[in-house]
Amino acid sequence: MFDAGIGKKRKSQNALLEYDYVAALLQLKKIDKPIDMRLLKDSFQDMKDYIGRTLDPEHYIETKIVHNGILILSELPVISIISAHAFFSIGSVAIKPDQYTVDTSINGIRFSSDRFNNHQVEISYTAGFRHETFPDDMKEAVLALFIKKHSMYKSAADYAEGDSIDDILEQKFDDGIIDFDEFFGKFSSIPYDVKALLAKYKRIDSPVAL
């Protein structure tokens, strides 16, 4: 059975945007559920690859220099600070929780004094999106990617339903009716309007070590 490299047996129940919500919103057919779940998972993966972020809550450690009492964290969005240490000439000093506040508007922390200015601070923290914090523009981006993939898949398979979609596509690839590389090149591409939605989330630095 043709799998399109998406992994037919993998479950696609992303807690950030669940299949049942998408199915009800777009009035998807139940017979297409296994394939649509794959397409939804693939849409999330394409978005994550494009912005260079994992999305799910993770533990990170990074070291940065404090400027003007502010340290902006690289991973989005910050959930909690586990620990913080400042580096002085005498060595490492633990920063107490009452010496800073988390400011989600800048995705970072603000220090209560200028003691740490121009010093390196190591921050251990958790960051990532939860269902209740998953932003609307990201939801819109995932839906747009899914709709594009769903339309391409159904159209290429002559609007067949269920498992026969894979069979028809496989036959068309084998017969040379559809070029495999060209199809999946378009299938995985990110449209301009989706790029615009995701611009502010796109990573411009290197991923922080877990």
_Here is a check on your reading of the model: is Ser92 more than 21 Å from Arg203 (Cα to Cα), small (Gly, Ala, Ser), out of contact with any helix residue (DSSP H, G or I) (no Cβ under 6 Å at 6 or more places or on another chain) and open to solvent by less than 60 Å² (accessible area, probe 1.4 Å)?_
no
*Read through the list (1) assigned to a strand (DSSP E or B); (2) farther than 21 Å from Asp205 by Cα, then give the number of the only condition that Ile79 fails.*
(2)
*Hits in the stretch 95-107 - residues which are modelled with pLDDT of 95 or more, under 29 Å from the mean Cα position of the chain (by Cα) and surrounded by 15 or more Cβ atoms within 10 Å (Cβ to Cβ)*: Tyr100, Val102
*Quick one: Phe129 ticks every box in (1) among the aromatic types (Phe, Trp, Tyr); (2) part of a loop (DSSP other than H, G, I, E, B); (3) over 19 Å from the mean Cα position of the chain (by Cα) bar one, so which box is it?*
(3)
_Being touching a helix residue (DSSP H, G or I) at 6+ places or on another chain (Cβ under 7 Å) and modelled with pLDDT of 95 or more is true for just one of Glu161, Glu140. Which residue is that?_
Glu140
*How many of the residues in the stretch 14-66 are part of a helix (DSSP H, G or I), small (Gly, Ala, Ser) and surrounded by fewer than 15 Cβ atoms within 10 Å (Cβ to Cβ)?*
1
*Can you give me the number of residues within the stretch 132-161 that are in a helix (DSSP H, G or I) and among the aromatic types (Phe, Trp, Tyr)?*
2
*Of all residues in the stretch 180-205, which are part of a loop (DSSP other than H, G, I, E, B) and open to solvent by less than 90 Å² (accessible area, probe 1.4 Å)?*
Ser188, Ser189, Ile190, Pro191, Lys202, Arg203, Asp205
*How do the pairs read when you match residues in the stretch 84-97 that are closer than 14 Å to Ser124 by Cα with residues anywhere that are basic (Lys, Arg), using Cβ under 9 Å and keeping only pairs 6 or more apart or on different chains?*
Ala84/Lys96; Ala86/Arg115
*asked:* Among the numbered criteria (1) part of a helix (DSSP H, G or I); (2) surrounded by 12 or more Cβ atoms within 10 Å (Cβ to Cβ); (3) not acidic (Asp, Glu), which one does Ala84 miss?
replied: (1)
*Members of the stretch 129-179 that are open to solvent by 70 Å² or more (accessible area, probe 1.4 Å) and among the β-branched types (Val, Ile, Thr)*: Ile147, Ile177
*Per-region count, the stretch 141-165, residues under 18 Å from Ser43 (Cα atoms) and among the charged types (D, E, K, R)*: 3
*State yes or no: is Ser112 of a type in the set (S, T, N, Q) and closer than 17 Å to Met37 by Cβ?*
no
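The values are calculated or read from the model by the stated rules, or taken from the named source; none is laboratory data. The structure presented is a predicted model; accordingly, all values stated were derived computationally and were not measured. Cβ coordinates were reconstructed from backbone atoms using ideal geometry, including for glycine residues, and neighbour counts include every protein chain displayed. SASA here: full protein model, heavy atoms, side chains in, ligands and nucleic acids out. Shrake-Rupley method; radii C 1.70, N 1.55, O 1.52, S 1.80 Å.
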